[in-house]
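Participant: Take a look at this one; I'll ask things after.
Every number in this text was worked out from the coordinates using simple rules, so none of it is lab data. Note that this is a predicted model, so its numbers are computed, not measured.
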Amino acid sequence: MQHVGNLAASIGYAMKEASAALRGAMDDALRPLELSVPQYSSLEVLGQHPGLSAAELARRTFVTRQSMQGVLQGLAARGLLTRPAAAPQGRALPTELTADGRALLRRASRAVAEVEHRMLDGLSADDQRRLHRDLVRCAEALRSGRARSGPALTSPGEEETPGRVAVFTRRAGHTEGGTRDH
């Protein structure tokens, strides 16, 4: 039986740790602009793909459709985007940024680019391209649902412990890991 094993050697745990660190750094960078990460992500996606529906925007920003409604209402209340009162076709309401929304997006994009630059500072351009390619392949493999045979997820020299699985939890903004019997 395969199990995650030593969390210090777990790729999934390292990805979760990097994701949590990135989210925290983005929260800090966006706070002075009074934007949350989902709000920024929505502005960024709409800046690149104007006219998306709320459902498509939710998919592209990794939030639920219900959550996206709250995000869009908050951005609209600040005058950062527009949506027609009635759908021009079908039921979807196309969403677009206002001039104020585009101006705030430019500031937010610079702040987030600085965070990404800090995150990648120790990697060469080749390492950055490889990391991007590998992360895309990881996501594609998980979305496809395909499994491949491969080495156990335990670290070299570590023995497998049948019936133990890794557990990841979030408490007060911190990711904690451990194992539990199953």
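Participant: In whole angstrom, how far apart do the alpha carbon centroids of region 47-82 and region 92-126 sit?
Facilitator: With region 47-82 and region 92-126 each reduced to a Cα centre, they are spaced 16 Å.
Participant: Here is a follow-up. Return the long-range amide H neighbours of Asn6 (sequence gap of 5 or more, or a different chain), with a cut-off of under 5 Å between placed amide H atoms.
Facilitator: It is Ser155, by chain and number.
Participant: What residues have an amide H closer than 5 Å to that of Leu52, excluding those fewer than 5 places away on the same chain, when H is modeled at 1.01 Å from N in the peptide plane?
Facilitator: Residues meeting the amide H criterion: Thr95.
Participant: By the gyration tensor of its Cα atoms, with a ≥ b ≥ c the square roots of the eigenvalues, what is the shape of region 13-54: rounded for a/c under 1.5, prolate for a/b over b/c, or oblate? Display every interim value, and only then the final one.
Facilitator: On the way: a/c = 3.52, a/b = 1.60, b/c = 2.19.
Since a/c reaches 1.5 but b/c is at least a/b, the shape of region 13-54 is classed as oblate.
Participant: Can you compute the equivalent ellipsoid semi-axes for region 34-123, i.e. the square root of 5 times each eigenvalue of the Cα gyration tensor, sorted largest first and rounded to whole Å? Don't jump to the answer; show the numbers that get you there.
Facilitator: Details: eigenvalues 127, 39, 24 Å².
They are 25, 14, 11 Å, listed from largest to smallest.
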